[in-house]
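The structure appears right after this line, and notes come after that.
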Amino acid sequence: MLSERERERYKRQILLFGEEGQERLKQSHIFIAGAGGLGSPIAIYLAVAGVGTITIVDMDVVDQSNLNRQILHSDRDIGKKKTVSALEKLREYNSDITVNAVDTTITAENIRELVGRADGIVDAMDNYPVRYLLNSVAVEKKIPFFHGAIHGFYGQATTILPGKTPCLECIFPKAPPKEVFPVVGATPGVIGTVQATEVIKYLTGQGSLLEGRLLIWDGLSSTSEEIAVCRNPACPACGAGPAGNHECQSTFFCPLP
Amino acid sequence: MSVKVRFFARFRELLGTDIMTEPGAGTTLTALVSGIAQKNREGYDAIFDEHGSFREFVILMRNGKRVETTEAGKTAVADGDEIAVFPPVAGG
């Protein structure tokens with residue numbers, strides 16, 4: 001049940017999805033992998049929206065060069081663990097929710113336990129090896145995986161619903177190389193808030209998700225496009241499962257309508 | 001014949017986009033894209049490896065359908081095709 005305080009706090013969004021939607025957010029648990037450029041806006045917006053339990057994982061320490069984009073952290077946090085700084089900020093934003101901040105490196109060994117019984121996984125990572133791990137655990141647990149990635153002024157996002165949409169490995173069978181990527185903070189701001197919006201829509205049952213669609217944001221020309229993406233029946237991560245989109249199985253990418 | 005090539009994100013920065021070409025009959029996807037990419041060394045290197053093959057992470061689409069980059073050297077373009085070349089990004 002929502003308290004009187006919560007009804008007041010969330011008044012303007014209860015107009016969108018009702019107390020029932022707000023209650024669903026409160027009962028939900030979202031796992032955010034990373035407390036950096038993408039993880040910051042994702043965690044902040046999910047916290048202020050009233051997602052009842054947020055687990056956020058990062059192994060890093062706040063560095064001065066993070067501050068142009070990682071808005072969970074500020075000058076006073078330099079040298080602190082990102083989890084410590086993230087926990088402080090998220091509590092300041094919303095003390096009514098539960099935040100678990102876990103200082104660890106995500107590995108094939110610990111990932112299942114870390115994700116636990118979360119209702120969804122949000123990708124705020126900076127590399128594909130860990131993204132593939134998150135993807136396979138989402139597929140295994142049959143929970144949604146909200147993908148986002150950025151470079152410079154560019155970004156991409158898609159929402160993966162195991163058994164229904166293509167998974168991350170269907171879409172990107174080969175990882176682009178890891179690099180020190182250039183970035184202006186507004187770019188993960190754009191993509192992270194797209195991901196947070198997807199999570200809120202999924203949990204409250206609103207609108208149409210980025211299902212089978214890869215959103216491509218080009219901040220330099222201020223254009224966004226989308227590519228229709230389909231399941232790969234031979235995908236090593238999800239290919240053995242029952243197909244959701246039979247009409248798309250001849251190709252990974254299907255024609256735009 | 002007339003074929004349009006669209007580059008996305010960083011490829012677009014280096015090579016431009018919506019490039020109209022008039023390839024000869026039998027031109028393959030690899031030959032078409034590498035011909036355009038030649039105009040900018042950095043752009044070429046971003047898309048192709050030292051053997052002139054597409055880098056394995058590059059996403060190549062023809063009329064909205066994915067073409068495996070390993071098949072691009074055997075796939076001829078046709079009049080009216082629209083080719084899209086997209087680099088997935090990795091940062092977070």
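The A:Arg5 and B:Glu56 beta-carbon pair, evaluated with R₀ = 56 Å, returns a calculated FRET efficiency of approximately 0.55. Only helices enter the 222 nm calculation for the protein assembly as shown: every DSSP H run of n ≥ 4 contributes -39,500 (n - 2.57), and dividing by all residues gives -9500 deg cm²/dmol, rounded to 500. Where Lys and Arg each count +1 and Asp and Glu each count -1, what net charge lies around A:Lys164 among other residues with Cβ under 13 Å from its Cβ? In short, +2.
Taking one quarter of the surface of the convex hull spanned by the alpha-carbon atoms of region A:1-64 gives a direction-averaged projected area of 5.1 nm². Expressed as a fraction of 2.2 N^0.38 Å, the C-alpha radius of gyration for region B:3-86 is 0.95. When the charge dipole of region B:3-86 is built from unit charges on Cβ atoms (+1 for Lys and Arg, -1 for Asp and Glu) and taken about the Cα centre, the candidate among B:Ala76, B:Met61, B:Thr27 whose Cα reaches farthest toward its positive end is B:Met61. Scaled against 2.2 N^0.38 Å for its residue count N, the alpha carbon radius of gyration of the protein assembly as shown is 1.04. Specify the inter-centroid distance of region A:119-133 and region A:1-37, based on alpha-carbon positions, in whole Å. A separation of 23 Å, based on Cα centres.
Classification of region A:86-176 by its C-alpha gyration tensor yields a prolate form. The axis ratio a/c (a ≥ b ≥ c) is 1.5 or more, and a/b outweighs b/c.
Partners of A:Lys174 within straight-line reach, counting lysines whose Cα lies under 20 Å from its Cα and excluding those fewer than 8 residues away in the same chain: B:Lys65. Within region A:138-165, name every residue whose backbone N is under 17 Å away from a label modeled 7 Å from Cα of A:Asp63 along the Cβ vector. Zone members listed by number: A:152. One chain, two ends: A:Lys80 and A:Ser222. Fully extended at 0.36 nm per residue, the span grows by 47.6 nm beyond their Cα-Cα distance. Only Cα pairs under 8 Å and 6+ residues apart enter the sum, and on that basis the relative contact order of region B:3-86 stands at 40 percent.
Where a number appears in this text, it was derived from the coordinates with a stated rule and is not lab data. The structure displayed is predicted, hence computed values, not measured ones. Ideal geometry is used to build each Cβ from the backbone, glycine not excepted, and the neighbour counts take in all protein chains shown.
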